[in-house]
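Okay, structure first, notes after.
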Amino acid sequence: MYVIVVGAGGIGSALVELALQDRHDVAVVERDSRKAESITRRHDVLVIHADAAFTEVIRQAGGERADALITTTHDDATNLMVIAAAADLGIPSIVSVVNVKEHVELFRRLGAHVMEDPDVIVAEALYNAARRRKLTDLVTMVGGAQMFRMTITQDSPLLGKTLVECGKQGLIPSGILFAALEREGEVLIPSGSTIMQEGDVVTVYSKEHVSDELIERLAG
């Protein structure tokens, strides 16, 4: 896959590393000379030192053969122009950071997949890590649904019971789904007959915002 990353800040730099780890071809567009030089020193990728808001710059970065473009700047106006340029060049997958929540629908109408306000997402993750130590990787989705990982402790009321038994006894309320389970280095897809064991790390989906009381009840 050929990926164009616009913006070589924290998010953009991390994206470059992830894409290279997966052995994809990467081009970076960055108008700040110091950031462009830093990427050039650290990675063997094409770096375009220019303003990505122009179609010709995206074309120079390989836009006509790119499979995906991800724009990560802190300026929504720039991100919108990049999206428009990418759409003109027919790039199949266009993804953008959106810094102002009110702009989300506009970005979506232009055909971009969006990540709303990454600073808020990071802040929420840090807050939940401090407040809810039994949870990891908590993500809040559209409409208030949440996904998170939790470890079953020796005090959990789920311990030694199948998921069917947990449901019948009201230990797992409706709207909660155990989507995956990590046990002894393996990832399993749990079924109704799966028996919960101490140390199981469960990926949980909740249709609604999860209360502290529910976390304590599930994890122990």
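No value in this document is a laboratory result; all are computed from the given coordinates. On a predicted model such as this, the values are computed, not experimentally measured, just so you know. Methodologically, a virtual Cβ is constructed for each residue, glycine included, from the backbone with ideal geometry; neighbour enumeration extends over all protein chains shown.
Which whole-angstrom value gives the distance between the alpha carbon centres of segment 17-49 and segment 181-220?
39 Å
Relative contact order for segment 2-116: what is it in percent, counting Cα pairs under 8 Å that are at least 6 residues apart? Don't jump to the answer; show the numbers that get you there.
Values: 231 pairs, mean separation 26.6, N = 115.
Dividing the mean separation by the residue count of segment 2-116 yields 23 percent.
Among Ile215, Ala36, Ala130, whose Cα lies farthest out toward the positive end of the dipole of the chain, if unit charges sit on the beta carbon of Lys, Arg (+1) and Asp, Glu (-1)?
Ile215
Once Lys and Arg get +1 and Asp and Glu get -1 on their Cβ, which of Ile58, Met147, Ala84 lies farthest toward the positive end of the dipole of the chain?
Positive-end residue among those listed: Met147.
Quick check for you: which residues of segment 58-84 have the amide N under 20 Å from the point 7 Å beyond the Cα of Ser38 toward its beta carbon?
70-76, 79
Between Glu165 and Arg65, what is the spin-label point distance in nm, taking each point 7 Å from the Cα along the Cα→C-beta axis?
6.0 nm
In nm, to one decimal, how far is the Gln154 label point from the His113 one, both placed 7 Å along Cα→Cβ?
The answer from the label model is 4.3 nm.
Can you tell me how segment 2-116 classifies by the Cα gyration tensor, rounded, prolate or oblate, using a/c under 1.5 as the rounded cut? The partial results should precede the final answer.
On the way: a/c = 1.56, a/b = 1.39, b/c = 1.12.
Here segment 2-116 falls in the prolate category.
Sort all Cα-Cα distances of the chain into consecutive 10 angstrom bins from zero, then give the percent of pairs in each bin up to the one containing the longest distance.
8, 27, 24, 20, 16, 5, 0
When the dipole is taken about the Cα centre of segment 1-148, and only Lys, Arg (+1) and Asp, Glu (-1) are charged at their Cβ, what size is it in debye, to the nearest 20?
Details: 15 positive and 21 negative charges, 108 e Å.
Charge dipole, segment 1-148, about its Cα centre: 520 debye, nearest 20.
Stretch Leu20-Val139 to full length: gain in nm at 0.36 nm per residue minus the Cα-Cα span?
40.3 nm
In what sequence do Phe54, Phe148 fall when counting other Cβ within 10 Å, fewest first?
Values: Phe54 14, Phe148 20.
By the 10 Å Cβ count, ascending, the order reads Phe54, Phe148.
Below 8 Å, C-alpha to C-alpha, sequence gap of six or more: please give me the relative contact order for the chain in percent.
On the way: 418 pairs, mean separation 30.3, N = 220.
It comes to 14 percent, rounded to a whole number.
For Lys161, give me every one of the aspartates and glutamates with a C-alpha distance below 12 angstrom, ignoring sequence neighbours fewer than eight places off in its own chain.
Of all the aspartates and glutamates, those that pass the test against Lys161 - Cα under 12 Å, at least 8 places apart if same chain - are Glu198.
Kindly put Met150, Met115 in sequence by how many other C-beta atoms sit within 10 Å of each C-beta, fewest to most.
Numbers: Met150 23, Met115 17.
Sorted ascending by nearby Cβ count, the order is Met115, Met150.
Quick check for me: using +1 on Lys/Arg Cβ and -1 on Asp/Glu Cβ, what's the dipole size of segment 84-130 about its Cα centre, in debye to the nearest 20?
Working: 3 positive and 7 negative charges, 31 e Å.
In debye, rounded to 20, segment 84-130 gives about 140.
What number, rounded to the nearest 500 deg cm²/dmol, is the helix-based mean residue ellipticity at 222 nm of the chain, given -39500 (n - 2.57) per DSSP H run of at least four residues and division by all its residues? Before the final figure, lay out each step's value.
Values: 8 runs with 75 residues, N = 220.
Result for the chain: -10000 deg cm²/dmol, rounded to the nearest 500.
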